[in-house]
1. Considering only region 418-428, I want to know if a residue exists there that is in a loop (DSSP other than H, G, I, E, B), loosely packed, with under 15 Cβ neighbours inside 10 Å and free of Cβ contacts under 8 Å to residues at least 60 places away in the same chain.
2. Filter region 93-119 for residues that are crowded, with 16+ Cβ neighbours inside 10 Å, basic (K, R) and modelled with pLDDT of 70 or more and give the result.
3. Which one of the conditions (1) at pLDDT 95 or above; (2) farther than 19 Å from T103 by Cα; (3) charged (D, E, K, R) does R286 fail to meet, given that it meets all the rest?
4. From K406, K360, K397, grab the single residue that is farther than 30 Å from R442 by Cα, in contact with a helix residue (DSSP H, G or I) (Cβ under 9 Å, 6 or more places away or on another chain) and surrounded by 13 or more Cβ atoms within 10 Å (Cβ to Cβ).
5. Strands (runs of 3 or more DSSP E) wholly in region 484-602 with at least 1 residues that are β-branched (V, I, T) and touching a Gly at 6+ places or on another chain (Cβ under 7 Å) - which ones?
6. I need a count of the residues in region 221-260 that are in contact with a strand residue (DSSP E or B) (Cβ under 8 Å, 6 or more places away or on another chain), closer than 22 Å to N280 by Cα and among the acidic types (D, E).
7. Does region 613-620 contain at least one residue that is modelled with pLDDT of 95 or more, more than 30 Å from N481 (Cβ to Cβ) and outside the structural domain of Q506 (by TED's automatic domain parsing)?
Amino acid sequence: MKQFIQLIAFFLAFECIAQKQEPTFKVNVSQVESEVSPTMWGIFFEDINMGADGGIYAELVKNRSFEFFKPLMGWKITSPNTLQGFYLGSEITIVNQPEKASTNPRYLHVNLKNPNPQSLGISNEGFRGMGIKKGLRYDFSVFYRQKTAHTVLVIELVSSSGQIIGQTKILPNDTSNEWRKLETSFTANETDAKAKLNIWFEGNGEIDLDMISLFPSDTWKGRKEGLRADMVQMLADMKPGFIRFPGGCIVEGHDLSVRYQWKKTLGPIENRKLIVNRWNYEMAHRLAPDYFQTFGLGFMEYFQLAEDIGAEPLPILNCGMACQFNSGELAPLNQLEPYIQDALDLIEFANGDSTTFWGKVRINLGHSKPFNLKMLGVGNENWGTQYIERLEIFKEKLQAIYPNIKLVCSTGPLPNGPLFDYLNPTLRKMEVGFVDEHFYSRPEWFFANAKRYDSYDKKTKTKVFAGEYASQSVGMVSPENKNNWLTALSEAAFMTGMERNAGVVQMASYAPLFAHIDGWQWTPNLIWVDNLKSMATPNYHVQKIYSNYKGTHTVSMLYKDKQVSAGQDSLFASAVIDKNSQELILKIVNQSKEKRQISIQIEGLSKLPKAANLIKLENENLEALNTLERPNEIQAIENTITLSGKNVDLAIGGYSFTTIRLKTNAK
């Protein structure tokens with residue numbers, strides 16, 4: 001019996017020794033490996049999923065200038081005889097005449113012959129409805145032209161249940177028969193996510209109307225006719241290093257006639273020529289026949305947005321190639337000059353002073369200081385020898401005048417295979433600033449490729465821009481993809497590999513950015529919205545943590561005395577220091593469902609601080625996701641842990657992403 005008790009005691013003692021584990025990780029804060037670029041984590045913006053019109057651009061009226069393919073799309077004539085658009089001799093018609101600017105030739109003509117109140121009018125449905133807030137001021141404007149002042153416009157906001165929730169009346173009184181802008185404001189008395197706008201006509205006479213517009217007053221920074229504040233705030237909260245705009249595939253167009261042309265997005269909005277959005281018809285399972293680009297959010301607004309949120313601007317321009325998934329139309333090599341000149345003029349617009357033509361244009365638009373543009377994308381997701389032929393001409397002419405502008409160039413739509421294998425080494429031989437790599441794959445790919453950049457040459461002049469990536473829960477282009485916790489966790493694991501290799505990867509951005517819950521074409525997406533609310537996905541929380549705590553330098557991190565091997569024992573990790581905040585920042589992903597007890601030995605410090613900050617994202621259900629109704633199912637939880645001894649010892653949950661921050665200047 002005595003021997004049995006001794007044997008039990010031996011095994012218990014052995015178990016205690018076993019549980020008192022050696023350090024899992026060793027981090028040396030004095031062993032700096034590479035600098036982390038200030039632009040490391042950023043934002044990719046494209047007008048897809050109603051990201052601009054119907055999204056961040058706060059205009060509530062759809063087809064405000066009657067320029068859609070169907071001029072009355074979004075509108076409804078409200079009278080007893082709506083098919084003909086007339087009532088007791090009165091009529092409403094659409095006029096298309098070249099006397100108006102070619103950018104906006106259509107307008108509404110109303111011929112009134114003393115109709116009864118609310119007997120003839122028009123109604124606008126908005127972008128899947130209009131989001132109206134109780135107590136908020138709404139700013140209405142319209143361009144009009146008339147010979148006699150006998151017409152009254154009654155403006156109404158009507159709820160989804162048919163109740164009037166805001167109203168005003170205006171009397172256009174200019175009779176010069178010239179186009180004039182009329183503005184008024186009124187306050188909503190109820191909240192409704194699916195309201196509409198009614199305009200009733202009263203009186204006698206004829207009047208022409210155009211650019212019928214309604215904006216909420218609570219735009220970002222209170223700017224008139226500006227951006228939706230809640231959506232911009234979510235971008236600002238990420239503290240992004242850059243913002244890439246305006247896309248994406250809309251840069252190319254299905255053919256060159258509808259490519260994005262930045263110069264046409266400047267100046268008064270009534271002079272900006274609308275074009276069809278490529279995503280109007282691209283996805284057969286999610287057709288959007290009412291999706292156009294009004295360019296109310298144009299290049300001036302993009303540059304201003306970048307400045308507002310403290311991000312470097314990264315504009316992308318067409319290189320003379322339409323989308324190769326569509327027409328693949330090419331501008332001949334001897335006809336590239338207009339495309340190249342657009343690029344040269346854009347740099348001058350962003351950086352020029354008042355002595356330059358385009359610098360003066362920017363100044364006249366209200367921005368006296370340069371935007372300090374440092375990089376420019378040439379082409380979007382293009383590939384093949386035809387891309388390289390055009391890029392070589394662009395590069396030679398751009399760098400002859402602006403040698404310090406870094407060019408961002410495409411490695412095609414896939415991260416491997418023949419297209420990538422040709423473009424990647426070719427672009428590096430050309431010594432472009434960045435190669436733009438794209439990853440849309442299942443979570444397994446992201447876990448398996450977390451060490452993708454471990455073997456890249458850290459001394460190469462050409463750096464990596466992971467310009468578009470998102471883990472696909474089902475598969476690329478599947479409408480069933482979800483922003484579930486598994487996709488976010490796999491991205492967090494992959495991002496440890498990008499962060500560890502910050503000498504190789506200097507920019508990265510999730511894509512796409514925004515999606516309207518009733519108007520999306522592509523999923524998954526980083527931020528989902530309806531007409532009133534914005535919702536952060538688990539993927540957003542991952543991106544925000546990396547961007548908020550990117551540090552300034554990577555430092556040595558070993559796992560079980562060996563170089564960190566991404567995925568060993570289901571763990572992924574990276575370590576950076578921030579010389580500005582004097583912090584060590586560790587990020588650890590546990591791919592396993594099992595909880596893990598880890599110990600981190602930190603070298604290079606005289607002593608550990610008394611406490612560390614912990615940020616946790618975890619969920620035992622990999623299918624869990626946030627919704628607009630339940631936006632906080634997965635969210636970052638912050639707390640403080642007490643430190644003692646020489647190591648940082650803590651338990652991390654299964655299926656978790658943990659960020660540890662501790663001061664390096666402990667006293």
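1. Within region 418-428, not a single residue is in a loop (DSSP other than H, G, I, E, B), loosely packed, with under 15 Cβ neighbours inside 10 Å and free of Cβ contacts under 8 Å to residues at least 60 places away in the same chain.
2. Listed by number, the list holds a single entry, R106.
3. Condition (1) is where R286 drops out.
4. K397
5. Of the strands (runs of 3 or more DSSP E) lying wholly inside region 484-602, those with at least 1 residues that are β-branched (V, I, T) and touching a Gly at 6+ places or on another chain (Cβ under 7 Å) span 527-529, 571-578, 583-590.
6. 1
7. yes
Condition check ((1) touching a helix residue (DSSP H, G or I) at 6+ places or on another chain (Cβ under 9 Å); (2) buried (at least 16 other Cβ atoms within 10 Å of the Cβ)) across all residues:
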| site | (1), (2) |
| --- | --- |
| I401 | yes, no |
| E437 | yes, yes |
| F447 | yes, yes |
| Y456 | no, no |
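The values are calculated or read from the model by the stated rules, or taken from the named source; none is laboratory data. As the structure is a computational prediction, the values presented were derived from the model and not from experiment. Because the Cβ atoms are built from the backbone with ideal geometry, glycine has one as well, and the counts that use them run over all protein chains shown.
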